[in-house]
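Here, each number is a calculation from the coordinates, and none is a lab measurement. In this text the structure is predicted, and so the values were computed from the model without any measurement. Note that we place each Cβ from the backbone using ideal geometry, even for glycine, and neighbour counts take in every protein chain shown.
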Amino acid sequence: MSTPDAILAAARARAAGQPYAGAVTPEEAFTLLQQDPRAKLVDVRTNAERDWVGRPAVPESQHVAVQWATYPGGVPNPEFGAQLEQVARKDEVLLFLCRSGVRSRHGARVATEHGFAESYDILEGFEGDRDAEGHRKTVGGWCKAGLPWIGA
């Protein structure tokens, strides 16, 4: 089993050159949430996605929601950075999660710009990419990895 320090070192190496601290796999994110008291999951999906699709089953104290974009319409949330500052501390390890790993990268970047130095993208997201039939949760992501989640 990897230690939090080993996971974070691998995450930094995996995302070298990115405008945020690093990138973790869903499994690594789950391990960090279990082993590192500084770890917090930041779910950047819309409220509708969390309500209709589900969310990771992690303690409420380690799970915050700050929408990257709003629903309906997908309009970027101009208050993202300010809202993050209300629910997270600068000394925490922030693990950003979205549906497939795109919005989470943006969230980690903006968090870093706001002084959250330990901001990490969770690769593959909650549902992962679409399969050949257009379905999610079969190619990658938190759900495909078999990590605990709460359905809608």
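Tabulated data
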item	result
Burial ordering of HIS106, HIS135, fewest other beta-carbon atoms within 10 Å first	HIS135, HIS106
Share, in percent, of DSSP beta bridges within the chain that are antiparallel, nearest 5	20
Full-stretch length increase - ARG89, SER61 - with 0.36 nm per residue and alpha-carbon distance subtracted	8.8 nm
Inter-site label distance for GLN18 and TYR71 at 7 Å from Cα along Cβ, in nm	2.4
Neighbour-count ranking [beta-carbon atoms within 10 angstrom, fewest first] of GLU60, GLU85, GLU124	GLU60, GLU85, GLU124
Residue order, fewest to most surrounding Cβ atoms within 10 angstrom, among SER100, SER119	SER100, SER119
Extended-chain gain in nm, criterion 0.36 nm per residue less alpha-carbon gap, HIS114 and HIS135	4.0 nm
Cut-off 10 Å between beta-carbons: net charge of the residues surrounding THR25, Lys and Arg +1, Asp and Glu -1	-2
Euclidean distance between Cα centres, segment 69-142 to segment 1-51, Å	11
Relative contact order [Cα under 8 Å, 6+ residues apart], the chain, whole percent	26
Gaussian network model of the chain, springs between alpha carbon atoms under 10 Å - residue of ALA117, ALA65, ALA57 with greatest fluctuation	ALA57
Positive minus negative residues near ASN77 (Lys, Arg vs Asp, Glu; Cβ under 15 Å)	-1
Rg followed by Dmax, in Å, when the chain is reduced to its Cα trace	14.2, 42
